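Input: a single structure, listed below in structure tokens.
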Amino acid sequence: SQQGEEDPQALSIQEGENATMNCSYKTSINNLQWYRQNSGRGLVHLILIRSNEREKHSGRLRVTLDTSKKSSSLLITASRAADTASYFCATDLAGNEKLTFGTGTRLTIIP
Amino acid sequence: DTAVSQTPKYLVTQMGNDKSIKCEQNLGHDTMYWYKQDSKKFLKIMFSYNNKELIINETVPNRFSPKSPDKAHLNLHINSLELGDSAVYFCASTPTGGYTEAFFGQGTRLTVV
């Protein structure tokens, strides 16, 4: 089973709006990462948040982590057409040397 | 310069054939991975190598055999291909096992007919 479950599975918004995606996981983690995958391409790392951090920013991206709820959210502000992609969370499980990916959110930005 | 490169990008082959996918990273990373992405976009780890040593094997059929001649290369050989092997296979690397960002190749789309 997937360690991370993302919600929603698909999201369509107008350009300029904010997009929020959520990720829930099951076991203790060292860190949580978000990746973007454009159609037909490999995954690109966006941001990493450690288990002792609660919020992190990178440009138009804002990530929060709530370890008590085992959940994270990715907020993309002022969305652009180029943000259209699938977004995945990935967890680095405590004591385990591998990244486990969530199910992904397909984001479509409507121009 | 491409950080993680995979070849080929597309591979169409018949059931029963044997094929290989190659991966190379020029980042000096110690750990390399193979992931399989199915038609529903689920990404599942298959193998992980650290400095040429296998450290993760996620109950993948033994028709799949990874080979790491050196820490910059991790190849995937698949014997007796089946229809269910059709997927996109991604190679990735990290400086240490899973604790920092992973760099991915562009993927190899394998179609078994």
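Quick notes on this one:
- Extending 7 Å from the Cα toward the beta-carbon at both A:T108 and B:S80 defines two label points whose distance is 4.2 nm.
- In percent, rounded to a whole number, the relative contact order of chain A is 39, using alpha-carbon pairs under 8 Å and six or more apart.
- 17 Å cut-off, amide nitrogen to a point 7 angstrom out along B:Y10 Cα→Cβ, residues in the range A:20-51: A:39-42
- Debye intensity ratio in log₁₀ form over the Cα atoms of chain B, taken at each q of 0.09 Å⁻¹: -0.20
- Spherically averaged projected area of the range A:17-67 from its Cα convex hull (nm²): 4.4
- Between A:A82 and A:S58, the modelled label-to-label distance comes to 1.6 nm, taking each label 7 Å out from Cα in the direction of the beta carbon.
- For a paramagnetic label modelled on B:R63 (point 7 Å from Cα along Cα→Cβ), amide N atoms under 12 Å away belong, within the range B:1-24, to B:14-19.
- In this structure the amide hydrogen of A:I29, modeled in the peptide plane, comes within under 5 Å of the amide hydrogens of A:A94, none closer than 5 places in sequence on its chain.
- Of B:F42, B:F90, the order by accessible heavy-atom surface (1.4 Å probe, DNA, RNA and ligands excluded), from most exposed downward, is B:F42, B:F90.
- Sparsely packed chymotrypsin sites (Phe, Trp or Tyr not before Pro) within the range A:35-111, loop by DSSP, other Cβ within 10 Å at most 12: none
- At R0 = 41 Å, FRET efficiency that the Cβ-Cβ distance of A:T67 and B:D18 yields, to 0.05: 0.35
- Full-extension gain in nm, B:K41 to B:E53, via 0.36 nm per residue minus C-alpha separation: 1.5 nm
- Average Cα contact separation per residue, chain B, under 8 Å, 6 or more apart, as relative contact order %: 37
- Sites A:N30 and B:T111 - FRET efficiency at Förster radius 45 Å, r taken between beta-carbons, to 0.05: 0.80
- Cross-link reach list, aspartates and glutamates versus B:K22, counting only Cα pairs under 14 Å and skipping chain neighbours closer than eight places: B:D70
The values are calculated or read from the model by the stated rules, or taken from the named source; none is laboratory data. Since this is a predicted model, take the numbers as computed values, not measurements. Positions of Cβ are backbone-derived with ideal geometry, glycine not excepted, and every protein chain shown enters the neighbour counts. Heads up: the accessible areas ignore ligands, DNA and RNA and are worked out on the full protein's heavy atoms, side chains in. Shrake-Rupley method; radii C 1.70, N 1.55, O 1.52, S 1.80 Å.
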